[in-house]
1. For region 255-263, indicate whether the set of residues that are closer than 19 Å to Ile65 by Cβ, in contact (Cβ under 8 Å) with a residue 60 or more places away in the chain, surrounded by fewer than 18 Cβ atoms within 10 Å (Cβ to Cβ) and small (Gly, Ala, Ser) is non-empty.
2. Tell me, which residue of region 225-261 that is in a loop (DSSP other than H, G, I, E, B) and under 16 Å from Arg175 (Cα atoms) is nearest to ligand 2 (Cβ to nearest atom)?
3. Look at region 149-160 and say how many of its residues are surrounded by 15 or more Cβ atoms within 10 Å (Cβ to Cβ) and part of a helix (DSSP H, G or I).
4. Quickly run through region 167-184 and pick out the residues that are open to solvent by 20 Å² or more (accessible area, probe 1.4 Å) and outside any loop (DSSP other than H, G, I, E, B).
5. Just need a number here: residues in region 120-145 that are in a loop (DSSP other than H, G, I, E, B) and among the aliphatic types (A, V, I, L, M).
6. Out of all the residues in region 95-105, which are in a helix (DSSP H, G or I) and exposed (fewer than 14 other Cβ atoms within 10 Å of the Cβ)?
7. Give Arg207, Arg231 a once-over and let me know the one that is at negative phi, surrounded by fewer than 18 Cβ atoms within 10 Å (Cβ to Cβ) and assigned by TED's automatic domain parsing to the domain that holds Phe251.
8. Only one residue in Ala164, Ala244 is among the aliphatic types (A, V, I, L, M) and either within 16 Å of ligand 3 (Cβ to nearest atom) or surrounded by fewer than 17 Cβ atoms within 10 Å (Cβ to Cβ) (or both). Which one?
Amino acid sequence: MTTDGHSIPCTGNGFIDAAHTSLMDHVEAIRCACADGASRDSMVPRFSRFADEMRMHFDHEEVIIRAAGFTRWEEHAGHHAMLDQQFGRLIDYVRDCEVTSDFLCTVAGTLDAALCGHEIRHDGDYTALVRDASMAPEGRTLIAWNSAFEVGVGPLDAQHRQLAELMNELDAMSRRGAPSGETLDLFGLLHDHVHAHFAMEEGVLRRVAPGRFVAHRNHHRLLEGQFSRIRQQVESGRLDTGVAVRGFLRFWLMDHVLGSDRPAFAETADAVPR
Ligand SMILES: [Fe+2]
Ligand SMILES: [Fe+2]
Ligand SMILES: [Fe+2]
Ligand SMILES: [Fe+2]
């Protein structure tokens, strides 16, 4: 993929690569519209939609690189936050001030160059690691469960394991080209299990570590939002099930278990049924 002659390196994670392509296509369409003399009023919502898509990508990318073990993920998230802020200020300026068509073109070019620069300079930092972590060789289970994933609370560990098994089944179905109706049914079942799991986990945490309950519940709401959006994209045909599960959901689950649940339930396991 190229924009202004620059190549965006392939990360080897199909989910991230698809998002990069989509963002580049989006910004290219914006540049063309500005070059064709589109009005400020018509461009402001388009700039905003682009910023929303970019923010969602950053959100997803942070989950993936954290779960893949990229140690500088916080620094990377800092770059995302800075870009988001810069774009927000630019779009606010266009919304609030009378600007010329030339200025709109400059804004579109700035969005393009800044995003492209980030993908080339900074996303390259995690590429080798994410490529390795995203490999899903034929014939191997996508998520091979092991005891390092256990939080020490029996019922919750069983649910985490079941979520992993459902994702493994989704992966297997997509590889053998199962009918989309069956795949979507399983996706729906996985979603139900996610809801049930979060509800149970919140109940346990409220009892054994009330001080950690609110932050953890709020984090679950973010995770639910991410899952719902992925499901919508799959159901609307904009995202392939295999790409979703192999490139994002497996990392989403691992980030939930290792990055969030294990710290939340640390030192509480003795207080709950095993
Ligand atoms: Fe990216
Ligand atoms: Fe990034
Ligand atoms: Fe959990
Ligand atoms: Fe949790």
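The values are calculated or read from the model by the stated rules, or taken from the named source; none is laboratory data. What you see is a predicted model, and the numbers here were worked out from it, not measured in a lab. Cβ atoms come from the backbone with ideal geometry, glycine included; neighbour counts cover every protein chain shown. Quick note on the areas: whole protein, heavy atoms, side chains included, nothing else; ligands and nucleic acids left out. Shrake-Rupley method; radii C 1.70, N 1.55, O 1.52, S 1.80 Å.
1. Checked against the condition, which is being closer than 19 Å to Ile65 by Cβ, in contact (Cβ under 8 Å) with a residue 60 or more places away in the chain, surrounded by fewer than 18 Cβ atoms within 10 Å (Cβ to Cβ) and small (Gly, Ala, Ser), region 255-263 yields at least one hit.
2. Across region 225-261, the extreme among qualifying residues is Leu239.
3. Qualifying residue count for the region: 5.
4. If the condition is that a residue be open to solvent by 20 Å² or more (accessible area, probe 1.4 Å) and outside any loop (DSSP other than H, G, I, E, B), then Asn168, Glu169, Ala172, Ser174, Arg175, Ser180, Gly181, Glu182, Leu184 are the ones that fit.
5. Of the residues in region 120-145, 5 are in a loop (DSSP other than H, G, I, E, B) and among the aliphatic types (A, V, I, L, M).
6. Answer for region 95-105, where residues must be in a helix (DSSP H, G or I) and exposed (fewer than 14 other Cβ atoms within 10 Å of the Cβ): Asp96, Asp102.
7. None of the other options fit; the residue is Arg207.
8. Ala164
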